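Remarks on the structure that follows.
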């Protein structure tokens, strides 16, 4: 059975499902309760599950993320919402020095089954301090897992998968996706690997999270020009499903990477390196990256849009890779 | 441990022996570690606890097996008193597979799930948020337990200290905060690092009941812990003890100790926890010199056995280590 809903509603359904089925699960974060979530994701959950299980926290990212880690060690299944990735920097010590390391550093004694959700990305004219895309910082760290649900169906089902994982899983929800309405597939698909969102034979456009709609639109534009683009959604940034990418490149021999992070040291840089290592002789053209310009994200709409990846930029880069620039 | 345990307990011979034994175990273990460091058997950072033994021995002796412990990178003593065998602690110092963290953590990262010993945290202040979460889990699961969270006075300048005190007080979490105030954060004296050097006053500002304790007096430490624990059990919320103490050795083996006078160190050594407790028991006639000698001999034998165990243990093969970054389970990639 299929119906449409928004990305926001899909995340809320996932939260409600988790809270309703597992007494170990609780949600905590800034304004997740009475306010209903900064992006209205958790609206209604406080009334349904009460203040012990939907907990408003003080503005103390380090303390409540660390409390989530401790609660996970103590047998709970906490879902900690950090309002946005921008504030996660205040909890970096807990995420990197505790959550990621404890299992290995304790000789395998202590796993940390923690789910950390946070909004990410730009596009709402929130200026430099509220527009970061720093998923790659976390994907750099062994011990963490990082997923970026890019569709309504993924948003609905990735949370449950993350909660079953005995390791810390970070879920990044792009702010521009919350209002998107799409068909929801009620049955959970296989979410373990990257997914080919559009099959094509001429070029592989690889992306994740909030950039997927831009890549998909670009593929449609290119289609009208006779270019058959394959669009791949990474879904997981750690572990990275390079096999799916290599298979695609073996077919298309050309690659465009779309990533809202700054280009230097980005996920796109890592993927580029992996493809050079594993599929160099399949490539018929240099890999191109469409990333955010190396500048703090500006406030005015025209400047913000100028620095971010766009459908037009993806179309342009793809034409170049195909020698049609 | 139940609320019926009285704050004051009679000092029997058996109890005096047990307390002294624990302090001696820490002292002798660490003296051996310093020796092994010079012999390059132990490497990396080694932070000795010598001088502060009364705190680990006094506090942990007053906790129950259901209680959780979160400690710092100066935690050999806490691990030993908690009951992690000297053998596996020493093997961990060596980095051997038989160590209590499989040799991967070393001196600063001792762990033991069975004994609810949650590390071994080497970022100052980093253990505090985790302790509040353990306490939250205990409460949500309806378990009657306290999380004992040890840290140094240096942590009081960290944001995580203040965030955690606020959260724990706000949510009335069963955390026993134990600030071991040894007066120096590495080489920086407390009054050069904190505008309010009376650390317990920070706790009071968050409406956490707080008191200072003479951390060189094991009986005072034990009594204060019992009282604090009983308070947490009856009131639900956190409690804060500031334990004044002194580290007799350098901060780590790399520390040339340029920041304090020898005379200051010597004056503290004269009132050290073991010297003090020994004079108390000899003056009161509770334990004779022969008993003390026997205890010391038993402790030294335990440490020697631990060294032999560590020496003869094997290293972890590199492929095992690489396979263990993630716990297996679930359906995620």
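Taking every residue in the range B:178-199 that is free of Cβ contacts under 8 Å to residues at least 40 places away in the same chain and pairing it with any residue that is assigned to a loop (DSSP other than H, G, I, E, B) and exposed (fewer than 15 other Cβ atoms within 10 Å of the Cβ), at least 6 positions away or on another chain, yields no pair with a Cβ-Cβ distance below 6 Å.
The lone criterion from (1) at the interface with chain A (Cβ under 7 Å from one of its Cβ atoms); (2) without any contact (Cβ under 8 Å) to a residue 12 or more places away in the chain left unmet by residue B:142 is number (1). When the residues of the range B:316-331 are filtered to those that are under 25 Å from residue A:162 (Cα atoms) and modelled with pLDDT of 90 or more, the one that is farthest from the other protein chains (Cβ to nearest Cβ) is B:328. Taking the criterion of being more than 18 Å from the chain's Cα centre (by Cα) and under 20 Å from residue B:155 (Cβ atoms), the residues of the range B:200-231 that qualify are B:200, B:201, B:202, B:203, B:204, B:205, B:206, B:207, B:208, B:209, B:210, B:211.
Of the listed requirements (1) modelled with pLDDT under 95; (2) surrounded by 12 or more Cβ atoms within 10 Å (Cβ to Cβ), residue B:242 misses just one: (1). Answer yes or no as to whether residue A:157 is surrounded by fewer than 21 Cβ atoms within 10 Å (Cβ to Cβ) and either in contact with a helix residue (DSSP H, G or I) (Cβ under 8 Å, 6 or more places away or on another chain) or away from every other protein chain (no Cβ under 13 Å) (or both). No: the conditions fail for residue A:157. Counting only helices (runs of 4 or more DSSP H) that sit completely within the range A:204-297, those holding 2 or more residues that are in contact (Cβ under 8 Å) with a residue 60 or more places away in the chain and under 20 Å from the mean Cα position of the chain (by Cα) correspond to A:212-224, A:267-279.
Taking residue A:142 as the residue in question, decide whether it is under 18 Å from the mean Cα position of the chain (by Cα) and within 10 Å of another protein chain (Cβ to nearest Cβ). For residue A:142, the condition - under 18 Å from the mean Cα position of the chain (by Cα) and within 10 Å of another protein chain (Cβ to nearest Cβ) - is met.
Per-residue answers, yes or no, for (1) surrounded by 15 or more Cβ atoms within 10 Å (Cβ to Cβ); (2) under 26 Å from residue B:172 (Cα atoms); (3) in contact with a strand residue (DSSP E or B) (Cβ under 8 Å, 6 or more places away or on another chain):
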{"site": "B:214", "(1), (2), (3)": "yes, no, yes"}
{"site": "B:222", "(1), (2), (3)": "yes, yes, no"}
{"site": "B:233", "(1), (2), (3)": "yes, yes, no"}
{"site": "B:238", "(1), (2), (3)": "yes, yes, yes"}
{"site": "B:246", "(1), (2), (3)": "yes, no, no"}
{"site": "B:249", "(1), (2), (3)": "yes, no, no"}
{"site": "B:265", "(1), (2), (3)": "yes, no, no"}
{"site": "B:270", "(1), (2), (3)": "no, no, no"}
{"site": "B:276", "(1), (2), (3)": "yes, no, no"}
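Being closer than 30 Å to residue B:230 by Cβ and surrounded by 22 or more Cβ atoms within 10 Å (Cβ to Cβ) is a description that applies to residue B:54.
Filtering A:182, A:187, A:164 for residues that are without any contact (Cβ under 8 Å) to a residue 40 or more places away in the chain, away from chain B (no Cβ under 14 Å) and surrounded by fewer than 21 Cβ atoms within 10 Å (Cβ to Cβ) leaves a single hit, A:187.
Within 17 Å of the chain's Cα centre (by Cα) and over 15 Å from residue B:313 (Cβ atoms), is that true of residue B:86?
no
In contact with a strand residue (DSSP E or B) (Cβ under 8 Å, 6 or more places away or on another chain), without any contact (Cβ under 8 Å) to a residue 24 or more places away in the chain, surrounded by fewer than 24 Cβ atoms within 10 Å (Cβ to Cβ) and within 9 Å of chain B (Cβ to nearest Cβ) - does that describe any residue in the range A:102-110? Checked against the condition, which is being in contact with a strand residue (DSSP E or B) (Cβ under 8 Å, 6 or more places away or on another chain), without any contact (Cβ under 8 Å) to a residue 24 or more places away in the chain, surrounded by fewer than 24 Cβ atoms within 10 Å (Cβ to Cβ) and within 9 Å of chain B (Cβ to nearest Cβ), the range A:102-110 yields at least one hit.
Scan the range A:124-138 for residues that are under 27 Å from residue A:161 (Cβ atoms) and surrounded by fewer than 22 Cβ atoms within 10 Å (Cβ to Cβ) and the total you get is 3.
Restricting the range B:30-59 to residues that are in contact with a strand residue (DSSP E or B) (Cβ under 7 Å, 6 or more places away or on another chain) and outside any loop (DSSP other than H, G, I, E, B), the residue that is farthest from the other protein chains (Cβ to nearest Cβ) is B:55.
Scanning the range B:180-197 for residues that are in contact with a strand residue (DSSP E or B) (Cβ under 9 Å, 6 or more places away or on another chain), buried (at least 24 other Cβ atoms within 10 Å of the Cβ), within 19 Å of residue B:75 (Cα to Cα) and within 14 Å of chain A (Cβ to nearest Cβ) turns up nothing.
Answer with yes or no whether residue A:212 is farther than 24 Å from residue A:165 by Cβ and crowded, with 18+ Cβ neighbours inside 10 Å. The answer is no for residue A:212. Restricting the range A:47-80 to residues that are surrounded by fewer than 19 Cβ atoms within 10 Å (Cβ to Cβ) and closer than 21 Å to residue B:161 by Cβ, the residue that is farthest from the other protein chains (Cβ to nearest Cβ) is A:59.
Among the residues of the range A:6-46, which ones are free of Cβ contacts under 8 Å to residues at least 40 places away in the same chain, buried (at least 19 other Cβ atoms within 10 Å of the Cβ) and more than 25 Å from residue A:124 (Cα to Cα)? Within the range A:6-46, A:19, A:45, A:46 meet the criteria. If the condition is being over 11 Å from residue B:72 (Cβ atoms) and facing chain A (nearest Cβ under 7 Å), then the range B:100-111 contributes B:101, B:102, B:104, B:105, B:111.
Restricted to the range B:113-134, and to residues that are in contact (Cβ under 8 Å) with a residue 60 or more places away in the chain and crowded, with 24+ Cβ neighbours inside 10 Å, which residue is farthest from the other protein chains (Cβ to nearest Cβ)? My answer is B:131. Put simply, of B:283, B:257, B:264 the only residue that is farther than 20 Å from residue B:28 by Cα and more than 24 Å from the chain's Cα centre (by Cα) is B:283. Just so you know, in the range A:90-101 the residues that are in contact with a strand residue (DSSP E or B) (Cβ under 9 Å, 6 or more places away or on another chain) and more than 7 Å from every other protein chain (Cβ to nearest Cβ) include one that is surrounded by the fewest Cβ atoms within 10 Å (Cβ to Cβ), and it is A:90.
The values are calculated or read from the model by the stated rules, or taken from the named source; none is laboratory data. All values reported here derive from a predicted model rather than from experimental measurement. Note: ideal-geometry Cβ built from the backbone for every residue, glycine included; neighbour counts use all protein chains shown.
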